[in-house]
1. Taking the chain as a Gaussian network, Cα atoms linked when under 10 Å apart, which of 67, 33, 44 shows the biggest mean-square fluctuation?
2. Using a 1.4 Å probe on the protein heavy atoms, what percent of the accessible area of the chain belongs to carbon and sulfur?
3. Of 45, 69, 10, 110, which has the most accessible area and how do the rest follow, probe 1.4 Å?
4. With every protein chain present, what is the per residue accessible area of the chain (1.4 Å probe, Å²)?
5. For the chain, which longest stretch is free of loop sites, where a loop site is one of the trypsin sites (Lys or Arg not before Pro) that DSSP puts outside H, G, I, E and B and that has at most 12 other Cβ atoms within 10 Å?
6. Can you give the accessible area of residue 58 in Å² (nearest 10), computed on protein heavy atoms with a 1.4 Å probe?
7. Over 20 Å, how big is the tail of the calculated P(r) for the chain, in percent of all Cα pairs?
8. Let me know the longest stretch in the chain that avoids all GluC sites (Glu not before Pro) found in a DSSP loop with at most 11 other C-beta atoms within 10 Å.
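The values are calculated or read from the model by the stated rules, or taken from the named source; none is laboratory data. Every value quoted in this text rests on a predicted model; they were computed, and no experiment measured them. In this analysis, Cβ positions are derived from the backbone assuming ideal geometry, glycine residues included, and neighbour counts consider all displayed protein chains. Just the protein is used for accessible areas: all its heavy atoms, side chains included, with ligands, DNA and RNA removed. Shrake-Rupley method; radii C 1.70, N 1.55, O 1.52, S 1.80 Å.
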Amino acid sequence: EVLARWPGEILADSEAQALWTNLREFRWADAKAPLLKVALSPAAIVALGQVEGSAGAMHLSAGGNVAFISLPSAEQAGLFDAHLRTLNLSGMTLRGEAPLWLGARTRPVIAQAVKHALAPDNRFPTLDD
């Protein structure tokens, strides 16, 4: 029924396992460049996809509510941060040389209370580092 509505193909079990392993292990991303996770709404997907020059490879996951982005280089992190702020999106660096938090940094009051409850000795990065 799905294939009747949208283009696609049925993969053999070995091909499907390889596909999911490559996605899960981020083998599609440049291992030497920053890998980012950006929370988004389905409505923001198109705008994020139109960010030119700073975004490298991108994988949308979880029904379009999160994007994993491999930047072309560490130098692109500042430019991508500015694009995320323009779109009012937030992101974080999973690996590589880039600021931990990127984009819009709106923090509800409860966020500080939760952080204090989980890290009363302040051993973890602040919400704005």
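1. Per the Cα network of the chain with a 10 Å cutoff, 44 tops the list.
2. Values: 4960 of 8660 Å².
Answer for the chain is 57 percent, counting heavy atoms of protein chains only.
3. Values: 45 45, 69 0, 10 140, 110 115 Å².
Greatest to least solvent exposure: 10, 110, 45, 69.
4. Details: 8660 Å² over 129 residues.
Counting only protein heavy atoms, the per-residue value for the chain is 67 Å².
5. Values: sites that count: 27, 32, 105, 123.
Longest gap between qualifying sites, sites excluded: 33-104.
6. 80
7. Working: 4470 of 8256 pairs.
Above the 20 Å cut-off, the chain has 54 percent of its Cα pairs.
8. Numbers: sites that count: 1, 9, 25, 52.
Counting at most 11 other Cβ atoms within 10 Å as exposed, the longest clean stretch of the chain is 53-129.
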